[in-house]
1. Could you tally the net charge around THR128, taking each other residue with its Cβ under 12 Å from the Cβ of THR128, Lys/Arg +1 and Asp/Glu -1?
2. Amide H neighbours of ASP152 under 5 Å, counting only residues 5+ apart in sequence or on other chains, H built in-plane at 1.01 Å?
3. Just to confirm a number: summing +1 for Lys and Arg and -1 for Asp and Glu over residues other than TYR78 whose beta-carbon lies under 14 angstrom from that of TYR78, what do you get?
4. Within the set of other residues whose C-beta is less than 13 Å from the C-beta of GLY141, count the net charge using Lys and Arg as +1 and Asp and Glu as -1.
5. Over all pairs of distinct alpha carbons, what does the Kirkwood formula give as the hydrodynamic radius of region 93-154, in Å?
6. In debye, nearest 20, what is the charge dipole magnitude of the chain about its Cα centre with +1 on Lys and Arg Cβ and -1 on Asp and Glu Cβ, if you could check?
7. Averaging sequence separations of C-alpha pairs under 8 Å and six or more residues apart, then dividing by the length of region 102-174, give the relative contact order as a whole percent.
8. Please rank TRP113, TRP129, fewest neighbouring Cβ atoms within 10 Å first, as an exposure proxy.
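Each value in this text was obtained by applying a stated rule to the coordinates, not by laboratory testing. All values derive from a computational prediction rather than experimental measurement. Here the Cβ is made from the backbone with ideal geometry for all residues, glycine too, and neighbour counts use every protein chain on show.
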Amino acid sequence: MKNSRRHHNVTLLAALSLLALPWGSALCETLIKEDFSLSGGDRTSGETIDGTELPQGDVSWICKANTVQFAGTKGDSYATFAAKGQTLAAVELPSEGNVIEVQASVQPTPGGWIAVGIGKPETGLDNTWPEGMFLLLNGDGGYEVYLARAQDAVTSGTRLPNFNESEMNSITLIYDKKDNTLSCIINERMVLNPTSLTTFGFTPNLSSAGFSSFGESTNARSVQDFSVTIE
């Protein structure tokens with residue numbers, strides 16, 4: 001009887017400990033992950049990421065050939081933009097799950113921006129995520145959130161106090177399918193609280209996710225990692 005009661009208490013404590021974890025952590029799973037590590041072959045500095053399989057997720061990058069490349073060294077690798085115009089790199093999203101979280105560590109340069117987005121890239125790989133949404137971070141520390149190829153501006157802001165000019169900045173876009181809400185985080189600072197997209201008459205296409213840019217300096221340290229977490 002004592003052992004049974006002790007087992008019950010342990011089970012209860014374990015369940016309570018899961019509830020005490022940060023929101024969603026007990027249920028979330030990182031399904032797609034890229035660290036731009038260099039391991040030879042296609043994953044060599046100077047090679048395009050287009051068509052390269054990610055280390056986790058059983059998906060491959062889709063982008064305009066040679067516009068986004070592996071760069072750095074084996075101990076210090078990242079993705080860089082080989083073209084200063086618009087670029088986009090995307091992966092297919094799984095259909096399961098209710099909450100999709102897309103995150104990247106980025107370092108935008110003056111006069112340019114880098115974004116994370118969800119949508120349906122067209123043949124030209126439009127960097128404004130047609131049928132989708134994106135969060136962009138400017139090189140001056142300002143940010144903007146858009147829907148449907150920038151037709152609808154959800155929110156924007158000037159230089160964030162926690163923006164890092166010379167280091168990576170974490171940008172995160174979170175979409176809740178059930179509630180059709182969008183929220184955004186930059187460097188652990190909530191810049192968009194959960195906002196209903198129904199008020200915009202908008203439901204996004206969830207076929208792909210990735211990162212995009214415009215006006216970025218070429219061959220710079222641009223994107224250090226990328227991930228998609230599903231709840």
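1. Working: positive: LYS120, ARG149; negative: GLU122, ASP126, GLU131, GLU144, ASP152.
Once all neighbours under 12 Å are counted, the net charge is -3.
2. Correct list: LEU147.
3. Working: positive: ARG43, LYS74, ARG221; negative: GLU34, ASP35, GLU47, ASP76, GLU167, GLU216, ASP225.
Cβ neighbours under 14 Å give a net charge of -4.
4. Working: positive: ARG159, ARG189; negative: ASP140, GLU144, GLU165, GLU167.
With Lys, Arg at +1 and Asp, Glu at -1, the net is -2.
5. Working: mean 1/r = 0.0799 Å⁻¹.
With all distinct Cα pairs of region 93-154 included, I get 12.5 Å.
6. On the way: 15 positive and 26 negative charges, 146 e Å.
Roughly 700 debye for the chain.
7. Working: 158 pairs, mean separation 25.4, N = 73.
After rounding, I find 35 percent.
8. Working: TRP113 22, TRP129 29.
Lowest count first: TRP113, TRP129.
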